[in-house]
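Asker: So that we are looking at the same thing, I have put the structure below in structure tokens.
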Amino acid sequence: MAAWPTTLPDPLASGYALKPVDMSIRTDMEMGAARTRRRTLVRNDKLSVGWSMTEAQLAAFRTWFEDAAQAAGGASWFSVTLNIGTGGQVAVEARFVGPWQASKTVDHGGLRWQVTAELEVR
């Protein structure tokens with residue numbers, strides 16, 4: 001399994017959002033209370049993440065993202081350390097949900113790229 005490159009930054013705190021997946025299913029009954037039951041024991045939560053990258057880091061990210069042996073255009077699972085609300089940074093498996101986006105920003109360090117994406121974690 002591929003791993004998040006150590007040369008790339010950790011996600012920013014700004015915009016970082018955890019969206020737990022609903023693990024139950026609800027069936028409305030013709031009469032009486034709805035029936036609710038657990039659908040699965042597998043957690044595949046969603047994370048909205050963002051990174052601030054230099055031009056060189058963005059180029060490395062794009063190469064890693066497209067590499068068939070690495071992220072495979074977002075289709076493959078990769079290992080990464082993230083905070084998923086279980087007591088700090090933990091090693092998880094993640095993959096991209098749809099395409100990532102990037103916008104140019106300028107700060108005191110010069111030109112930066114703000115890269116955002118949604119990840120599915122397990």
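Asker: Using +1 at the C-beta of Lys and Arg and -1 at the C-beta of Asp and Glu, which of T81, T7, M53 has the Cα lying farthest in the positive direction of the dipole of the chain?
Answerer: T81
Asker: Please compute the net charge surrounding F78, taking Lys and Arg as +1 and Asp and Glu as -1 over other residues with Cβ under 10 Å from its Cβ.
Answerer: Here the charged neighbours net out to 0.
Asker: Check each of the chymotrypsin sites (Phe, Trp or Tyr not before Pro) in the stretch 4-76 and keep only those in coil by DSSP with at most 14 other C-beta atoms within 10 angstrom; list them in order.
Answerer: Here the chymotrypsin sites (Phe, Trp or Tyr not before Pro) that fit, given the DSSP loop and packing criteria, are Y16.
Asker: Please rank E30, E120, fewest neighbouring Cβ atoms within 10 Å first, as an exposure proxy.
Answerer: The most exposed by this proxy come first: E30, E120.
Asker: Something else now. Which values, in whole Å and largest first, are the semi-axes of the equivalent ellipsoid of the chain obtained as the square root of 5 times each eigenvalue of the Cα gyration tensor?
Answerer: Ellipsoid half-lengths, sorted descending, are 34, 16, 13 Å.
Asker: Then there is this: Measure out, as a whole number of angstrom, how far apart the alpha-carbon centroids of the stretch 1-15 and the stretch 75-122 sit.
Answerer: Using only Cα atoms, the two centres lie 6 Å from each other.
Asker: Now, a different point. Given only helices, namely DSSP H runs of n ≥ 4 each adding -39500 (n - 2.57), what is the per-residue ellipticity at 222 nm of the chain, to the nearest 500 deg cm²/dmol?
Answerer: It comes out at -3000 deg cm²/dmol, rounded to the nearest 500.
Asker: Compute the long axis of helix 55-66 from its Cα atoms, compare it with the longest principal axis of the Cα atoms of the chain, and write down the angle in degrees, 0 to 90, nearest 10.
Answerer: Once rounded, one gets 50 degrees.
Asker: Can I ask one more? Report the semi-axes of the equivalent ellipsoid for the stretch 8-68 in whole Å, largest first, where each axis is √(5λ) for an eigenvalue λ of the Cα gyration tensor.
Answerer: For the stretch 8-68, the ellipsoid semi-axes come out as 41, 14, 8 Å.
Asker: With an 8 Å Cα cut-off and a minimum separation of 6 or more residues, compute the relative contact order for the stretch 1-114 in percent.
Answerer: Value for the stretch 1-114: 26 percent.
Values in this text are rule-based calculations from the coordinates and carry no lab data. Source: prediction; values computed, not measured. For neighbour counting, all protein chains shown are included, and Cβ atoms are generated from backbone atoms with ideal geometry for every residue, glycine included.
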